[in-house]
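Engineer: Okay, handing you the structure first.
The values are calculated or read from the model by the stated rules, or taken from the named source; none is laboratory data. Keep in mind the model is a prediction, meaning the values are calculated, not measured. Note that each Cβ is placed from the backbone with ideal geometry, even for glycine, and that neighbours are counted across all protein chains shown.
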Amino acid sequence: MKTWMAKALELLRASLEPPKHELNELDWKAALSPDKKRLTEHLSALSNQPGGGYLVFGVDNTGTPAGVDANKVETTVNQLANLGRSALEPPLALDHAVEDYESARLLFVHVPESAVKPVHLRGKGLEEAFIRSGGTTRKGSRQEIGTLMLNSRTPRWEELRASVLLQDAEFTAKLNVEPVFGMLERPMPTTSEDLLAWMADERFIVREPAGGGYVTNLGGIAVAQKLADFPDLSRKAVRVVVYDGLNKSQTKQEREGRKGYAISFQGLIEFIMALLPQSEVIEKALRVKQTVYPEIALREIIANALIHQDFSIAGAGPLVEIFDDRIEVSNPGGLLPSKRLDRIIGTQPESRNEQLARAFRRYKICEERGSGLLKAGLQIELYGLPPIEFTAGPNYFKVTLHAPRTFAKMSAQERLEACYQHAVLKYYSGSAMTNTSLRERLKMPEKQRSMISVLIQEAVDQKLVKPTDPANKSRKFAVYVPVWA
């Protein structure tokens, strides 16, 4: 029996007790009416009803359960589903079940409450919204429609349902939350009910009053045992592609993630780090291997790609591409209107997916205070890599990390960007850029100080940086900050 059926049967019993009467939450009928407009009005009214409601077919006009023709069940369900999908705004997703009641076979149709109200006739104004009053369906007054609007909100992507209605036992089969407790450094609940309550508090699931419920998009994308269990999320799996050379002509290896982001993130980072070239360095008189790219920078950049993507773009997900000379991390969705490419590092965080970003921060996967890219930039400088490259397209955002390259082999634009990013990183670290600090960042000897002075002056001329004291004419001791500081 479906979880909502217990409530539907309870309401039906109450409505069939003398004096028999229909309820605001439940409307019974002998069979499907040929009046499609009236059926659509019933669906509108029940979806605007707090808690939603039910249509029951197979109860005659006297309130006697007479049963429904088995051959008519499919026709009834299909017609109501089509009306809910195509005749109402916003559209409705209905559920149904056939159950015995007093020896009669009845068809129950569950109309869930819509989060976005008022639900009204498609192509009509909001005044064509209906409500239940005194067990009947009528058009809502202007005041009643205003009240519906006050109780309406557009749900966030994370709150939308990723699954069909599930039984309580199915949640733990589809979601793996044990790793999350490890990240939170707290023990798992000892009872199933406490675990389900925690999952609901974490917004991984939405529970129905009569039992069971739904996995949310947040629950699926974060802790799905298998993303394939949720068709709308399966294309959001992270893909890692390794190319042979500097372009995409030859692919050496490709792998696609199968689990939720939160529970597979550490494994994803370890997999990527194992693919990267390594170099030997001397630490405390010992020769140790070190990857060319800093792990901290990759963690922050990949985490940002996961949480800042636009999930409304169908058929696309986060992508990590590894070339011989660079790593490109991209995600669906262009740069937010409030953001600028030259102010990406260090600015206040803003995410399309606030609940996912907050969860990642709590699970210690990434930062949510705007310091993630700051940490990445500092690591890039420590490793002596070229500056981070940010690219914003109409429906994607890409971050590129380049393999080590000497100052002589950097392009003129890369040198300017290295100078600007260094000034930004120094500024947010409570310091300022000098000729010496930039020279050390670019791994250049003292004798090349004049080359750095020329680079800084070019950055000043292009209004990327500015001296803190314009009156000081000494380039050797001048101090610089970003031009917007």
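Engineer: Restricting to the stretch 230-282, and then to whatever is among the β-branched types (Val, Ile, Thr) and over 20 Å from the mean Cα position of the chain (by Cα), can you tell me which residue is surrounded by the most Cβ atoms within 10 Å (Cβ to Cβ)?
Structural biologist: Ile272
Engineer: If I ask for residues that are surrounded by fewer than 18 Cβ atoms within 10 Å (Cβ to Cβ) and either more than 23 Å from the chain's Cα centre (by Cα) or outside the structural domain of Thr347 (by TED's automatic domain parsing) (or both), which ones from the stretch 384-402 would you list?
Structural biologist: Across the stretch 384-402, the qualifying residues are Gly384, Glu389.
Engineer: Something else about it: Could you grab me the full set of residues in the stretch 196-229 that are among the aromatic types (Phe, Trp, Tyr) and either under 20 Å from Phe265 (Cα atoms) or buried (at least 24 other Cβ atoms within 10 Å of the Cβ) (or both)? Steps first, please.
Structural biologist: In the first step, residues of the stretch 196-229 are kept if they are among the aromatic types (Phe, Trp, Tyr); the result is 198, 204, 214.
Phe204 - this is the single residue of the stretch 196-229 that is among the aromatic types (Phe, Trp, Tyr) and either under 20 Å from Phe265 (Cα atoms) or buried (at least 24 other Cβ atoms within 10 Å of the Cβ) (or both).
Engineer: Within the set of pairs 6 or more residues apart or between chains, which connect a residue that is farther than 21 Å from Asn304 by Cα inside the stretch 235-248 to a residue that is hydroxyl-bearing (Ser, Thr, Tyr) and part of a loop (DSSP other than H, G, I, E, B) with Cβ atoms less than 8 Å apart?
Structural biologist: From the stretch 235-248, the pairs are Tyr243/Ser249.
Engineer: Here are Leu356, Leu335, Leu298: which of them is over 21 Å from Ala222 (Cα atoms), in contact with a helix residue (DSSP H, G or I) (Cβ under 9 Å, 6 or more places away or on another chain) and either without any contact (Cβ under 8 Å) to a residue 60 or more places away in the chain or not charged (D, E, K, R) (or both)? Give the steps one after another, and end with the answer.
Structural biologist: Values: Leu356 fails: over 21 Å from Ala222 (Cα atoms); Leu298 fails: over 21 Å from Ala222 (Cα atoms).
Only one candidate passes the filter, namely Leu335.
Engineer: Let me ask another. Any idea which of (1) surrounded by fewer than 17 Cβ atoms within 10 Å (Cβ to Cβ); (2) more than 25 Å from Thr391 (Cα to Cα) is the one Ala478 doesn't satisfy?
Structural biologist: (1)
Engineer: Among what's in the stretch 311-339 and is surrounded by 17 or more Cβ atoms within 10 Å (Cβ to Cβ) and within 12 Å of the chain's Cα centre (by Cα), pick the residue that is farthest from Phe390 (Cα to Cα).
Structural biologist: Out of the qualifying residues, it is Phe311.
Engineer: Now for a separate question. Just for the stretch 178-195: of the residues that are of a type in the set (A, V, I, L, M, F, W, C) and in contact (Cβ under 8 Å) with a residue 24 or more places away in the chain, which one is surrounded by the most Cβ atoms within 10 Å (Cβ to Cβ)?
Structural biologist: So the residue we want is Val180.
Engineer: Scan Arg369, Arg449, Arg362, Arg475 and give me the residue that is farther than 19 Å from Ile344 by Cα, in the same structural domain as Asn304 (by TED's automatic domain parsing) and modelled with pLDDT under 95.
Structural biologist: On inspection, the qualifying residue turns out to be Arg362.
Engineer: If the Cβ limit is 8 Å and pairs must be 6+ apart or interchain, which residue in the stretch 61-86 that is closer than 17 Å to Ser47 by Cβ and in the same structural domain as Leu12 (by TED's automatic domain parsing) pairs with which residue that is part of a helix (DSSP H, G or I) and among the polar types (S, T, N, Q)?
Structural biologist: Leu83/Thr40
Engineer: Ser15 passes all but one of (1) within 39 Å of the chain's Cα centre (by Cα); (2) in a helix (DSSP H, G or I); which number fails?
Structural biologist: (1)
Engineer: Is at least one residue of the stretch 67-89 out of contact with any Lys or Arg (no Cβ under 7 Å at 6 or more places or on another chain), of a type in the set (Asp, Glu) and at pLDDT 95 or above?
Structural biologist: Within the stretch 67-89, not a single residue is out of contact with any Lys or Arg (no Cβ under 7 Å at 6 or more places or on another chain), of a type in the set (Asp, Glu) and at pLDDT 95 or above.
Engineer: Moving to a separate point now. Here's a check for you: in the stretch 240-297, which residue that is hydrophobic (A, V, I, L, M, F, W, C) and assigned to a strand (DSSP E or B) is modelled with the lowest pLDDT?
Structural biologist: The qualifying residue modelled with the lowest pLDDT is Ile282.
Engineer: Please specify each residue of the stretch 150-188 satisfying the condition of being touching a helix residue (DSSP H, G or I) at 6+ places or on another chain (Cβ under 8 Å), among the acidic types (Asp, Glu) and farther than 25 Å from Leu126 by Cα.
Structural biologist: Glu158, Asp168
Engineer: Is it fair to say Gly430 is in a loop (DSSP other than H, G, I, E, B), in the same structural domain as Phe311 (by TED's automatic domain parsing) and small (Gly, Ala, Ser)?
Structural biologist: It is false that Gly430 is in a loop (DSSP other than H, G, I, E, B), in the same structural domain as Phe311 (by TED's automatic domain parsing) and small (Gly, Ala, Ser).
Engineer: Every residue in the stretch 449-485 that is among the polar types (S, T, N, Q) and without any contact (Cβ under 8 Å) to a residue 24 or more places away in the chain, please.
Structural biologist: Scanning the stretch 449-485 gives Ser450, Ser453, Gln457, Asn472, Ser474.
Engineer: Of the residues that sit in the stretch 128-177 and are in a strand (DSSP E or B) and under 23 Å from the mean Cα position of the chain (by Cα), which one is surrounded by the fewest Cβ atoms within 10 Å (Cβ to Cβ)? Talk me through it step by step, then tell me what you get.
Structural biologist: Step one: list which residues in the stretch 128-177 are in a strand (DSSP E or B), which gives 129-133, 136-139, 161, 166, 175.
From the residues that got through so far, the ones that are under 23 Å from the mean Cα position of the chain (by Cα) too are 161, 166, 175.
Numbers: Arg161: 20, Leu166: 17, Leu175: 24.
The selected residue is Leu166.
Engineer: OK, next. Which residues, counting only those in the stretch 320-365, are among the β-branched types (Val, Ile, Thr), part of a loop (DSSP other than H, G, I, E, B) and within 20 Å of Gln266 (Cα to Cα)?
Structural biologist: Scanning the stretch 320-365 gives a single hit, Ile365.
Engineer: Which residue is surrounded by the fewest Cβ atoms within 10 Å (Cβ to Cβ), if the candidates are limited to the stretch 368-383 and must be free of Cβ contacts under 8 Å to residues at least 60 places away in the same chain and either charged (D, E, K, R) or closer than 21 Å to Ala316 by Cβ (or both)?
Structural biologist: Going through the qualifying residues, I end up with Arg369.
Engineer: Could you please give the count of residues in the stretch 289-304 that are closer than 13 Å to Val240 by Cα and small (Gly, Ala, Ser)?
Structural biologist: 0
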